[in-house]
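*Asks:* Dropping the structure in here first, questions after.
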């Protein structure tokens, strides 16, 4: 069995997920990540993470697919023999933003399957393995297994032109709470991170809009968030810096969500 702790990061080859992988690699984790692209298309990224000290496995996977989720978990345990941290990061914005008066069922279903159904059932499969390992006698000095959900400030901030995204993230926040309650008996910690406006390829199309909003005071800290900001929060949670906070939600949004008059 692998001697270093192992983290599975969904959507780990780009954006926030890559920032998470970089932070975990720098903290001594080995990594298994997945994404929609083929392994050939992410070679440079895998080499980059290996240069940070991590052994790295990769699988092309659609987490909304039951078969892909099963293959992904088999890949992690087949490669490393263990899994200590699951980061549910993979997600998507609607392919076409539309007023909720005009939104289509097709886009709604796609977003919900990727953003909510996929992480929910991936967590179920991983949690069963983690719980079984804990039943078989965990080392009292071993770091507690950790599951982290990457949601969004859209858990509470309504955007009527991407309602399916907001609903999926709000549902995922409840999923994080449910898993925290259910897995507490096994000593498995569950957390949620709510990023704000983060500079990624997903937000590149609205850069001018948010540049203007940030300049006008949208966030207390007057800058875009970065994948590294989220990655550092994940590494802190995974590393046991928040041992008495299971079920907690941490905002990484530059103060965007602070109520103001």
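Just so it is clear, none of the values below were taken in a lab; they were calculated from the coordinates. Quick caveat: nothing in here was measured; it's all calculated off a predicted structure. Reconstructed Cβ throughout: ideal geometry from the backbone, glycine too, with neighbour counts over all protein chains shown.
*Asks:* Please give the length that would be gained between residue 4 and residue 128 if that part of the chain were fully extended, namely 0.36 nm times their separation in residues minus their C-alpha to C-alpha distance (nm, one decimal).
*Replies:* 42.5 nm
*Asks:* Above 30 Å lies some portion of the pair distances; for the range 6-252, what is it as a whole percent of all C-alpha pairs?
*Replies:* Tail of the P(r) past 30 Å holds 23 percent of the pairs.
*Asks:* So, one more: Would you calculate a helix-derived [θ] at 222 nm for the chain, using -39,500 (n - 2.57) for each DSSP H run of n ≥ 4 and dividing by the full residue count, to the nearest 500?
*Replies:* -12500 deg cm²/dmol
*Asks:* I've got another one for you. So for the range 107-232, what percent of the C-alpha to C-alpha distances run longer than 26 Å?
*Replies:* Everything past 26 Å amounts to 34 percent.
*Asks:* Of the candidates 33, 72, 178, which one comes out as most mobile in a Gaussian network treatment of the chain with C-alpha springs shorter than 10 Å?
*Replies:* 178
*Asks:* Moving to a separate point now. Sort 115-122, 55-62, 99-106, 130-137 for me by packing, meaning the mean count of neighbouring Cβ atoms within 10 Å per residue, highest on top.
*Replies:* For the peptides 115-122, 55-62, 99-106, 130-137, the packing ranking is 115-122, 55-62, 130-137, 99-106.
*Asks:* Give me the three principal axis extents of the range 73-125 from the C-alpha atoms, as integers in angstrom, largest value leading.
*Replies:* 48, 15, 14
*Asks:* Shifting gears a bit: Pairing the Cα long axis of helix 15-26 with the longest principal axis of the chain, what angle in degrees results, from 0 to 90 and rounded to the nearest 10?
*Replies:* Between the helix axis and the principal axis of the chain, the angle is about 40 degrees.
*Asks:* How far is helix 227-238 tilted, in degrees, relative to the longest principal axis of the Cα atoms in the chain, given as a value from 0 to 90 rounded to the nearest 10?
*Replies:* 40 degrees
*Asks:* Still on this structure, please answer the following. For a distance above 13 Å, tell me the whole-number percent of Cα pairs in the range 194-261 that qualify.
*Replies:* 67 percent
*Asks:* Between the range 224-260 and the range 1-64, how far is it from one alpha carbon centroid to the other, in angstrom?
*Replies:* Here the two parts' Cα centres lie 20 Å apart.
*Asks:* While we're on this one: Compute the distance in nm between two label points, each set 7 Å from the Cα along the Cα-to-Cβ direction, one at residue 50 and one at residue 102.
*Replies:* Taking the simple label geometry, residue 50 and residue 102 are separated by 4.8 nm.
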